[in-house]
Amino acid sequence: MEHTERDSAVSARLSRRTVVAVLGAVASGALLGVERVAAAPAAAPGLDDPAKKEIAMQLVSSAENSSLDWKAQYKYIEDIGDGRGYTAGIIGFCSGTGDMLDLVQLYTDRRPGNVLAKYLPALRRVNGSDSHDGLDPNYPKDWRKAAQDSAFQQAQNDERDRVYFNPAVAQGKTDGLRALGQFAYYDAIVMHGDGDDPTSFRNIRKRALRSGKPPAQGGNETTYLNAFLDARVWAMKQEEAHSDTSRVDTEQRVFLRKGNLDLNTPLDWKVYGDSYHIG
């Protein structure tokens, strides 16, 4: 900012005033005719705030595992018949989509000789398919055994953040979205991944951008989020295994209709007909 001679003169006069005079001017709401500017309110915490992140984990767990106890899901594993092979762990790592392979590889890099290491060749073979070849019959049992190891739990946390949570939050912040919008992105990338297919997260977002602009592009946040959730519902309905859209309809839209863009508690929602509450 440039300083003119008038600015210098004002500064000189200020330096000669008594403290009492200055305080009096401030108390009256003006200082040499300049109105006071209120301090800008602190920005609301994003989804990467620890308390908000815990809420996000519980919300996803309610949809993925019908439970708010997301830490109990490290041991979860089953084939849910969606064409992705085994689905397992806190975020639904899949043997058919590559993220389970990456997870087991990370775990093995950190703890060589672990109980899952011997399945790496099989995980490479079945990647891209729903096959259990080389995994049955003992892979689920060994997964549950590995889940008792804190190193495997940490590997799940780290891969969740690297592949899903951190990219979703970063894109949400870039788009000027608050915690609810960041969560909508996170939940979408958890279910759909971020590949090149039409129902991937990036293409859901592109579809939403046809109907609305995010705040960073001058748009209204609520209008844009409605457009994003519309696009998300479309994507879910393209796949029979994900055609129940209640995690959008009776969860995320509930928060949006209430104007809870910061995802503040208390939160009440339903998924697949079950009711949940975070106080």
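The values are calculated or read from the model by the stated rules, or taken from the named source; none is laboratory data. Every value quoted in this text rests on a predicted model; they were computed, and no experiment measured them. Neighbour counts run over all protein chains shown; Cβ positions are idealised from the backbone, glycine included. We work out accessible area using only protein heavy atoms, side chains counted, and drop any ligands, DNA or RNA first. Shrake-Rupley method; radii C 1.70, N 1.55, O 1.52, S 1.80 Å.
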Checklist entry - Of the residues that make up the stretch 122-133, is at least one touching a residue at least 12 places away in the same chain (Cβ under 8 Å), crowded, with 21+ Cβ neighbours inside 10 Å, assigned to a loop (DSSP other than H, G, I, E, B) and touching a Leu at 6+ places or on another chain (Cβ under 8 Å)? => result no
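Return yes when residue 85 is modelled with pLDDT of 95 or more, open to solvent by less than 70 Å² (accessible area, probe 1.4 Å), in contact with a His (Cβ under 7 Å, 6 or more places away or on another chain) and of a type outside the set (Ser, Thr, Tyr) and no when it is not.
Working: modelled with pLDDT of 95 or more: yes; open to solvent by less than 70 Å² (accessible area, probe 1.4 Å): yes; in contact with a His (Cβ under 7 Å, 6 or more places away or on another chain): yes; of a type outside the set (Ser, Thr, Tyr): yes.
The answer is yes for residue 85.
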Checklist entry - Hey, any hits in the stretch 208-221 for a residue that's buried (at least 22 other Cβ atoms within 10 Å of the Cβ) and part of a helix (DSSP H, G or I)? => result yes
Checklist outcome for this item: Note on the stretch 97-114: residues in contact with a strand residue (DSSP E or B) (Cβ under 9 Å, 6 or more places away or on another chain) and either closer than 19 Å to residue 242 by Cβ or free of Cβ contacts under 8 Å to residues at least 12 places away in the same chain (or both) are 99, 100
Item to check | Failed item in (1) at pLDDT 95 or above; (2) of a type outside the set (Val, Ile, Thr); (3) surrounded by 14 or more Cβ atoms within 10 Å (Cβ to Cβ), with residue 109 passing the rest | outcome: (3)
Item to check | Residue list for the stretch 144-202, restricted to those being crowded, with 21+ Cβ neighbours inside 10 Å, not in a loop (DSSP other than H, G, I, E, B) and not hydrophobic (A, V, I, L, M, F, W, C) | outcome: 156, 159, 160, 164, 172, 181, 182, 185, 186, 187, 192
Next on the checklist: Pairs needed: first member in the stretch 213-228, over 11 Å from residue 172 (Cβ atoms); second member anywhere, in a helix (DSSP H, G or I) and among the hydroxyl-bearing types (Ser, Thr, Tyr); C-beta distance under 7 Å; at least 6 residues apart or different chains.
Outcome noted: 213/224
Item to check | Every residue from the stretch 69-78 that is open to solvent by 60 Å² or more (accessible area, probe 1.4 Å) and either assigned to a loop (DSSP other than H, G, I, E, B) or of a type in the set (A, V, I, L, M, F, W, C) (or both) | outcome: 69
Checklist entry - Just to be sure, is residue 267 touching a strand residue (DSSP E or B) at 6+ places or on another chain (Cβ under 9 Å) and closer than 23 Å to residue 54 by Cβ? => result yes
Checklist entry - Does residue 279 count as small (Gly, Ala, Ser) and within 24 Å of residue 88 (Cβ to Cβ)? => result no
